[in-house]
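Let me begin by presenting the structure, written as structure tokens, before commenting on it.
The values are calculated or read from the model by the stated rules, or taken from the named source; none is laboratory data. All values derive from a computational prediction rather than experimental measurement. Ideal geometry is used to build each Cβ from the backbone, glycine not excepted, and the neighbour counts take in all protein chains shown. Remember, those area values only see protein heavy atoms, side chains included, never the ligands or the DNA or RNA. Shrake-Rupley method; radii C 1.70, N 1.55, O 1.52, S 1.80 Å.
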Amino acid sequence: MSYYRHHVFFCCNQRDDGRPCCNAKGASGLRDYAKRRVKELDLAGGVRINQAGCLDRCDEGPCVVVYPEAVWYTYVDRADIDEIIEEHLQNGRVVERLRI
């Protein structure tokens, strides 16, 4: 059994060559927001939020992957992050509209 019920990786890749990258779309700030929300909701014992380097899907928008399910999401704002936390991390339901 895994130590965490869910392990969430935010791509926070930063490119300086003009190619798309997640960090240019606010990935680090939204990762920090997700960490705060998980703590506020008292989920930190079973959910781990981490930063990742390039997950090689930057062309699809900022991305996050949730393990052990290996579900990939894109997001735009805090509302999307809240939906992933509530639906997937708390209730075990994949957010199909954000899935990539």
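Observations on the structure shown:
- Looking across the stretch 26-40, the residues that are open to solvent by less than 50 Å² (accessible area, probe 1.4 Å), assigned to a helix (DSSP H, G or I) and either out of contact with any strand residue (DSSP E or B) (no Cβ under 6 Å at 6 or more places or on another chain) or modelled with pLDDT under 95 (or both) come down to Ser28, Gly29, Leu30, Tyr33.
- Boolean, Tyr73 is at pLDDT 95 or above and touching a helix residue (DSSP H, G or I) at 6+ places or on another chain (Cβ under 6 Å): yes
- Pairing each residue of the stretch 3-28 that is of a type in the set (Ser, Thr, Tyr) with any residue that is surrounded by fewer than 19 Cβ atoms within 10 Å (Cβ to Cβ), provided the two are 6+ apart or on different chains, yields C-beta distances under 9 Å for Tyr3/Arg48; Tyr4/Gly45; Tyr4/Gly46; Tyr4/Arg48; Tyr4/Tyr67; Tyr4/Pro68; Ser28/Gln14; Ser28/Gln51.
- Test result for Cys11, among the hydrophobic types (A, V, I, L, M, F, W, C), at pLDDT 95 or above and in contact with a Ser or Thr (Cβ under 8 Å, 6 or more places away or on another chain): no
Conditions (1) part of a helix (DSSP H, G or I); (2) open to solvent by 60 Å² or more (accessible area, probe 1.4 Å), marked per residue:
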{"position": "Asp42", "(1), (2)": "no, yes"}
{"position": "Asn50", "(1), (2)": "no, no"}
{"position": "Asp59", "(1), (2)": "yes, yes"}
{"position": "Glu69", "(1), (2)": "no, yes"}
{"position": "Asp80", "(1), (2)": "yes, no"}
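- Among the residues making up the stretch 4-25, those that are under 13 Å from Cys58 (Cβ atoms) and open to solvent by less than 40 Å² (accessible area, probe 1.4 Å) are Phe10, Cys11, Cys12, Asn13, Cys21, Cys22.
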